[in-house]
Structure formats: C-alpha cells, structure tokens
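**Q** Before I ask anything, here is the structure I am working with.
The values are calculated or read from the model by the stated rules, or taken from the named source; none is laboratory data. If you're wondering where the values come from, they're calculated on a predicted model, not measured in any experiment. Cβ placement follows ideal geometry from the backbone for every residue including glycine, while neighbour counts extend to all protein chains displayed.
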C-alpha cells in the first residue's frame, strides 16, 4: 500500500505542475491586463510637495509662535512675582508671606495649565491639518484612478518589488497643487 502511494505522489505532483504551467499561458493575458490597471504613488513625496501642506505648516508655526509669546509673558509675570516676593520677604508679616506664596503657587499652576492647554491645542491642530491633507490626497488618488481606469493603487513604501507599474506620484502632486493654488488664488482675490 505504501509503495502504491509513493508511486502516485510523483504522478499527482507532475499533473499539478503541468496544469499550473499551462494555466500560466492561459492567464498571461489576464495578468498583463491586471498589471496595466495597477499603479503606485509615493505618498511621502506627495505629502511633502503638496502646497497646502506647506501653507498649513507655516500657519501652524505662526500659531505656535503666538502661543509661545503668550507663554513667555505668563512666565515673566511669575518671575516678577517671585522676585518681588524675595525682595520684600524680610519686611512681610507671616500672613502676608503666606498670601504671596499662595499667589505665586496659583500663578505657577496657571502657567502649567496654560502650557498643557497650548500643547493639546497645537497637537489637535496638527492632527486636524494632517487629516485634512491626507483626505485631499486620498480623494485625488481615487479621482485619478477612477478617471484613468486603475483597479489598484498602492503606496510605494509598501511595495518591495513588483512588475513595472504606472507611477502616479507626479500626476497626483500636479493636480493637487493646481486645484489648491487655484482655490487659494480665488480666496486671496475675495479678501482683497
């Protein structure tokens, strides 16, 4: 019985290999057509070269700088209070000292709370801007893929190797920037 199984296994393997070999020829046209409908995009490059991303980054930096300025003013107030307290400490009564120390502690807590608030606001704003940009990029890729008949569009970072495919990166960048610059120009025209 084992002898029969040993003889049958090579025959079965041979049949499977032959079927696989012949099916490759039959499916070659199908595979070629599938590969023609596949493309990739370098999302990192699109993200970096998208004008809206650059503008939002500048806006975020300006907002951050304004918040840092407010924080610096609050720090200076605290330092001034501490310096005044140290200068007058010997002249103050115990009750006045406690009152000033409480005032300094309160300002210190307000400063820490303000710093936490600023940090959270800036993270939220950055996340909001990132989501907005990613959404624009995904929508543009979908629009191009639909218009040009691509069935699959991959991120080039996720591909280690693939047969030659269409690179849509520059097309996505160009169309995104064209639309954004046009909308920006229209908005700037309204504001003037």
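**Q** Taking the range 48-67 as the region of interest, how many residues are surrounded by 15 or more Cβ atoms within 10 Å (Cβ to Cβ) and assigned to a helix (DSSP H, G or I)?
**A** Final tally of qualifying residues: 9.
**Q** Under 7 Å by Cβ, and 6 or more places apart or on different chains, what pairs join a residue from the range 177-192 that is in a helix (DSSP H, G or I) with one that is modelled with pLDDT of 90 or more?
**A** From the range 177-192, the pairs are 177/50; 177/51; 180/51; 180/52; 181/51.
**Q** Which one of these does residue 153 not meet: (1) assigned to a helix (DSSP H, G or I); (2) touching a strand residue (DSSP E or B) at 6+ places or on another chain (Cβ under 8 Å)?
**A** Failed condition: (1).
**Q** Something else: Looking at (1) more than 27 Å from residue 61 (Cα to Cα); (2) touching a residue at least 24 places away in the same chain (Cβ under 8 Å); (3) in a helix (DSSP H, G or I), which one does residue 108 not meet, given that it meets all the others?
**A** (1)
**Q** Sticking with this structure for a sec: Collect the residues in the range 143-152 that are within 12 Å of residue 40 (Cα to Cα) and surrounded by 12 or more Cβ atoms within 10 Å (Cβ to Cβ), keeping them in residue-number order.
**A** Residues satisfying the conditions are 144, 145, 150, 152.
**Q** In addition: For residues that are in contact with a helix residue (DSSP H, G or I) (Cβ under 6 Å, 6 or more places away or on another chain) and surrounded by fewer than 15 Cβ atoms within 10 Å (Cβ to Cβ), scanning just the range 153-180, find the one that is farthest from residue 46 (Cα to Cα).
**A** Here the answer is 163.
**Q** Counting only residues that are in contact with a strand residue (DSSP E or B) (Cβ under 9 Å, 6 or more places away or on another chain) and modelled with pLDDT of 60 or more, how many does the range 19-65 have?
**A** Looking only at that region, the number is 9.
**Q** Quick check on my filter: what residues within the range 101-141 are under 13 Å from the mean Cα position of the chain (by Cα) and either closer than 30 Å to residue 80 by Cα or exposed (fewer than 11 other Cβ atoms within 10 Å of the Cβ) (or both)?
**A** Residues satisfying the conditions are 123, 124, 127, 131, 135.
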